[in-house]
Amino acid sequence: NTAADVGAGVAACLGLATIAGTAVRAAGGRVGGSVAVRGGPMADVLSRGVGGGLMREGQRGLAGGKSCFRPFAHRRPHPRHRHAQAKKSKNDDDDGVENVVIVGSGPAGYTAAIYAARANLRPLVFEGFRKGGSPGGQLMTTTEVENFPGFPEGITGPDLMDRMKAQAERWGANLVTEDVENVDLSKRPFEIRSTDRQVFANSIILATGATAKRLGIPREEEFWSRGISSCAICDGASPIFKNQEVAVVGGGDTATEEAIYLTKYASHVHLIVRTNQMRASKAMQERTLNHDSITVHYATEVVDAIGDAEMMKGLKLKNVETGEESELKVRGLFYGIGHHPNSEIVKGQVDLDAEGYVKVGQSAQTSVEGVFAAGDLFDTEWRQAITAAGSGCQAAIAVERYLVEKDLIKEYAQEEAIVVDGEEAKKEVIKTEDEETFDVTKAKHKGQYALRKLYHESDRVLAVLYTSPTCGPCRSLKPILGKLVDEFESDVHYVEIDIVKDADIAEAAGVTGTPTVQFFKDKSLMEVVAGVKMKKDYREIINKALEKEKVPEKENA
């Protein structure tokens with residue numbers, strides 16, 4: 001379980017026997033978690049040569065080298081071939097105070113942003129970064145959403161959030177991927193401090209949602225990211241769970257959904273339910289009970305995890321009715337046991353209930369005038385994507401009415417921008433490369449061919465991002481790393497690796513969850529960072545590598 005072992009594993013799979021002088025920093029963890037890097041000697045790993053065929057361990061070289069107060073529904077729709085960016089009227093005084101700041105994203109935050117932007121309020125949205133989960137909320141860790149209107153075939157949670165975010169940006173919402181660290185509601189206008197800025201606003205919509213709960217078993221921290229996870233969608237495809245038996249704890253829709261999802265990769269899934277019946281919807285219960293690869297353990301609770309220095313290997317269980325204890329051999333434990341509200345930033349400033357949920361009155365108003373709440377932050381009963389979106393709409397309309405009533409509103413005209421070929425600007429797409437399409441002069445790449453090629457030939461810092469198709473946090477991290485690579489121009493090569501498509505590479509690299517980023521320089525593994533970090537953290541790693549490179553040059557001079 002050392003940096004050298006991880007480096008050796010990567011080296012073996014890439015066609016080298018060893019990687020010398022490696023150093024790993026296990027920098028924090030996935031959102032809200034910790035990290036442990038797993039690795040080990042990969043003596044039997046076979047590496048594919050770039051030009052085709054198998055390359056045995058030890059072989060070198062390559063074989064081939066974003067109003068007046070009136071009903072929202074009556075506003076003139078925008079032309080479909082254009083998108084809008086909010087632009088302040090020249091006749092308006094800009095005092096630096098925002099109309100509305102939306103804290104949080106997800107279906108509640110993004111819907112509030114869409115409605116507020118269409119009302120010409122130019123909302124400032126703090127999507128969040130690490131606190132309380134990923135930008136986009138809980139749906140970023142959800143697979144198929146089958147009950148959101150308008151998608152008869154279903155849609156994945158991350159895809160739905162991507163569409164909502166794009167719609168908010170299209171109408172002029174200003175989205176920043178930052179955590180709000182402090183809110184002062186005693187001042188007028190309200191003061192909001194994030195990790196990077198201080199802003200003032202005449203109104204606030206709180207849409208910070210809720211965070212997944214943990215069990216708190218004795219060895220939870222020890223095995224976090226080495227068998228225990230709160231996100232099956234993020235980590236289920238990891239090599240350590242492939243063809244292994246795993247367990248999910250919980251009896252609601254989240255737990256049953258995760259159990260069904262995990263059957264794609266695990267040999268068998270054990271669903272551990274503390275009571276004598278599941279709380280999941282009838283449809284989800286039926287799917288779970290009828291699945292050949294799922295066994296449901298009723299009236300059972302997890303006492304602790306069992307394992308060695310490297311990995312979790314089982315669970316200690318107890319029957320809540322008889323008190324009898326037993327052991328279950330599984331390589332993974334995934335949590336689906338509910339959530340707690342992310343209300344810490346307003347605790348002591350707005351009224352909360354006993355469990356920390358924000359209390360609201362009519363029109364989403366909190367106990368503080370001008371502060372509104374939406375989504376799971378106040379919803380203790382329904383907790384659905386569609387109800388969260390509805391509450392976001394309600395909060396935005398309430399904000400517009402409040403600003404008009406208090407004579408605080410500043411309207412921003414919509415600036416139309418023609419888009420080439422009648423389409424909106426698309427996100428940068430990196431395509432998987434092969435021998436014919438690979439271009440070493442480009443900074444961004446995808447796939448194992450590019451990784452093998454760059455590992456051997458690149459004289460730049462090599463950043464490798466390991467992702468999985470359903471990983472929500474990965475979608476948040478990609479644009480962050482993309483902008484960072486643009487900053488360094490010709491000093492960095494960046495490669496995306498899909499751990500499902502390129503499972504052998506991920507296994508050799510000791511990847512236990514996504515996202516994970518590994519940094520190399522001259523074939524030496526320098527850093528391993530799991531989860532989503534601040535851009536400055538990744539920038540620091542790259543700068544450190546570039547500084548080391550300059551030292552020998554100065555000495556020789």
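The values are calculated or read from the model by the stated rules, or taken from the named source; none is laboratory data. What you see is a predicted model; the values in this text were computed from it and never measured. Note that we place each Cβ from the backbone using ideal geometry, even for glycine, and neighbour counts take in every protein chain shown. The accessibility values were calculated without ligands, DNA or RNA, using every heavy atom of the protein model including side chains. Shrake-Rupley method; radii C 1.70, N 1.55, O 1.52, S 1.80 Å.
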The pairs in K501/K523; K264/K347; K347/K406 lying past 30 Å Cα-Cα in this model are K264/K347
Would you work out the charge dipole size for segment 325-481 about its Cα centre, treating the Cβ of every Lys and Arg as +1 and the Cβ of every Asp and Glu as -1, and quote it to the nearest 20 debye? 600
Each label sits 7 Å from Cα toward the beta-carbon; between S490 and V97 the label points are separated, in nm, by 5.1
If a/c stays under 1.5 just call it rounded; otherwise compare a/b with b/c (prolate if a/b is bigger, oblate if not). Do that for segment 97-180, with a ≥ b ≥ c from the square roots of the Cα gyration tensor eigenvalues. oblate
Accessible surface, segment 175-225, averaged per residue in Å² (probe 1.4 Å): 42
Treating cross-link reach as a plain straight distance, find the aspartates and glutamates whose alpha-carbon is under 18 Å from the alpha-carbon of K544, omitting any fewer than eight places away in the same chain. D459, D486, E487, E489, D491, D522, E527, E553, E555
Largest-first principal axis extents of the Cα set of segment 455-495 (Å): 32, 23, 8
Using only C-alpha positions, report the orientation-averaged shadow area of the convex hull of segment 226-356, nm², one decimal. 10.0
Descending principal axes extents, segment 434-528, alpha-carbon based, whole Å: 30, 28, 26
Calculate log10 I(q)/I(0) of segment 243-304 for q = 0.13, 0.18, 0.26 Å⁻¹, where I(q) comes from the Debye formula with a single equal point scatterer on each Cα and nothing for solvent. -0.28, -0.53, -1.09
Run the simple label-point estimate for K544 and T441 please: 7 Å along Cα→C-beta, distance reported in nm. 3.4
State log₁₀ I(q)/I(0) for segment 168-248 at q = 0.12, 0.17, 0.21, 0.23 Å⁻¹ as given by the Debye formula over alpha-carbon point scatterers of equal weight, solvent excluded. -0.65, -0.85, -1.00, -1.12
How would V429, V145 line up by accessible area, probe 1.4 Å, largest first? V429, V145
Which length gain, in nm to one decimal place, applies between E144 and K264 when the Cα-Cα distance is subtracted from 0.36 nm times their residue separation? 41.8 nm
For the table K444/K536; K453/K535; K242/K313; K431/K478, the rows whose alpha-carbon distance is greater than 21 Å are K453/K535
Could you work out what % of the accessible surface of segment 186-239 is carbon and sulfur, using a 1.4 angstrom probe and leaving DNA, RNA and ligands out of the count? 45
Report the charge-dipole magnitude of segment 94-237 in Debye, nearest 20, computed about the Cα centre from +1 at each Lys and Arg Cβ and -1 at each Asp and Glu Cβ. 240
Share of segment 249-388's accessible area from carbon and sulfur, percent, 1.4 Å? 45
Expressed in nm to one decimal, what extension gain is obtained for the pair D184 and D504 from 0.36 nm per residue of sequence separation less their Cα-Cα distance? 110.2 nm
What is the spread of the Cα atoms of segment 315-356 along each of their three principal axes, largest first, in whole Å? 47, 26, 11
